[in-house]
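Let me begin by presenting the structure, written as structure tokens, before commenting on it.
The values are calculated or read from the model by the stated rules, or taken from the named source; none is laboratory data. Owing to the predicted nature of the structure, the values given are computational and were not obtained by experimental measurement. We place every Cβ from the backbone using ideal geometry, glycine too, and count neighbours over all the protein chains shown.
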Amino acid sequence: MKVAFIGLGNMGGPMVRNLLKAGHDVAVHDLDAHAVSEAVKAGAAPALSPKVAVQGVDVVMTMLPAAQHVRTVLAADNGVFEGIARGITIIDSSTIDPASAKAFAGLAAERGVTFVDAPVSGGTGGAAAGTLTFMVGASAESYAHVKPVLSAMGKNIVHCGETGTGQVAKICNNLILGITMAGVAEAMSLGERLGIDPAVLAGIVNTSTGRCWSSEAYNPFPGLVDAAPSSRGYTGGFGTDLMLKDLGLASDAAKLARQPVFLGALAQQLYQAMSANGDGKLDFSAVIKLYRKD
């Protein structure tokens, strides 16, 4: 397939490389010239604007920080809607609120275009390895259409329901992730203060009832998991400000649904404190810095 891919950040760049490895032709656009250059080195074709990128393609993918960026890429001058042909599908893998996903689907439909929300889970490691989970909000027909291209980048392609439900799944997943990471950071820091070897404690937790992804694959204590951001100064992972944004999305959605999120609200304040301390660009597992003295 010929794919236009817009948004080449820590997730988008590796996703493009996997599309290329699978044999797809990929046109790319990003405001970061270096990111575009890296994608071109891997075999992608550069495009000067979203409008240019989407001309003549079979499918469009966007991977952007927030809903306002998606709206700009879609609807601004030289945006996707100015260049896309009728009948083409847009797959948005950004993490945005469900209401915005539905609104963008409506705008797309007015132009004879299909909009599918397909946020991802699996982090930068999953993006590089091609093992992401895609949570897809779409009709059954649209899901069947996009599954082959998503399969080049992910291991688990899940149809969540109609448009917007992919985002529901994502914000609920990240609500859990933000809470569990804070819990693991708190427990690891307490164990250190009480005198147990952190490696011993982590080993016990990971063979006991406290085991979770945050403790096993992404432990926030430095030096315990070689592949985790905590072993490289909390760089190159899922940024604290992005986690803060996702918890904000969950909080806003909860207000609309009149659903309490007690622990989510507390976790949101922890990551807000990190951001206020100037650590917003560090991986969210750096929340442990709130508990430990370096």
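For the stretch 149-208, the candidate set comprises residues that are among the charged types (D, E, K, R) and touching a strand residue (DSSP E or B) at 6+ places or on another chain (Cβ under 9 Å); within that set, the residue that is nearest to Met1 (Cα to Cα) is Lys155. Residue-level check: of (1) closer than 21 Å to Lys2 by Cβ; (2) in contact with a Leu (Cβ under 9 Å, 6 or more places away or on another chain); (3) hydrophobic (A, V, I, L, M, F, W, C); (4) surrounded by 21 or more Cβ atoms within 10 Å (Cβ to Cβ), Val146 misses just (2). Looking at the stretch 75-105 only, could you name the residues that are touching an Asp or Glu at 6+ places or on another chain (Cβ under 9 Å), of a type in the set (S, T, N, Q) and under 18 Å from Leu31 (Cβ atoms)? Selection gives Ser93, Ser94.
Taking the stretch 36-60 as the range and being buried (at least 19 other Cβ atoms within 10 Å of the Cβ) and either among the aliphatic types (A, V, I, L, M) or not assigned by TED's automatic domain parsing to the domain that holds Asp117 (or both) as the test, the residues that pass are Val36, Ala39, Ala44, Ala47, Ala53, Val54, Val57, Val59, Val60. Figure legend. Inter-residue proximity from the stretch 259-275: first residues closer than 15 Å to Gly183 by Cβ, second residues charged (D, E, K, R) and surrounded by 13 or more Cβ atoms within 10 Å (Cβ to Cβ), beta-carbon distance below 9 Å, spacing 6+ or different chains. Indicated pairs: Tyr271/Asp241. Contact map, the stretch 196-219: residues that are under 22 Å from Ile176 (Cα atoms) paired with residues that are among the β-branched types (Val, Ile, Thr) and part of a loop (DSSP other than H, G, I, E, B), Cβ distance under 9 Å, separation 6+ or inter-chain. Pairs shown: Ala202/Val225; Ile204/Ile196; Glu216/Val225; Ala217/Val225; Tyr218/Val225; Asn219/Val225.
Scanning the stretch 166-179 for residues that are more than 20 Å from Asp117 (Cβ to Cβ), modelled with pLDDT of 95 or more and not assigned by TED's automatic domain parsing to the domain that holds Asp92 turns up at least one hit. Scanning the stretch 197-227 for residues that are outside any loop (DSSP other than H, G, I, E, B) and among the aliphatic types (A, V, I, L, M) gives Ala199, Val200, Leu201, Ala202, Ile204, Val205. The set of residues in the stretch 229-253 that are at pLDDT 95 or above, part of a loop (DSSP other than H, G, I, E, B) and crowded, with 17+ Cβ neighbours inside 10 Å contains only Tyr234.
Might you check whether a residue that is in contact (Cβ under 8 Å) with a residue 24 or more places away in the chain, surrounded by fewer than 24 Cβ atoms within 10 Å (Cβ to Cβ) and within 15 Å of Ser94 (Cα to Cα) occurs anywhere in the stretch 1-9? Yes: one or more hits. Among the numbered conditions (1) more than 25 Å from Gln167 (Cβ to Cβ); (2) out of contact with any Gly (no Cβ under 7 Å at 6 or more places or on another chain); (3) not in a helix (DSSP H, G or I), the only one that Leu8 does not meet is (1). Just one of the listed residues (Tyr271, Tyr218) is under 18 Å from Gly125 (Cβ atoms), hydroxyl-bearing (Ser, Thr, Tyr) and surrounded by 13 or more Cβ atoms within 10 Å (Cβ to Cβ), namely Tyr218. If the condition is being out of contact with any strand residue (DSSP E or B) (no Cβ under 9 Å at 6 or more places or on another chain) and farther than 16 Å from Asn174 by Cβ, then the stretch 276-294 contributes Ala276, Asn277, Gly278, Asp279, Ala286, Ile288, Lys289, Leu290, Tyr291, Arg292, Lys293, Asp294.
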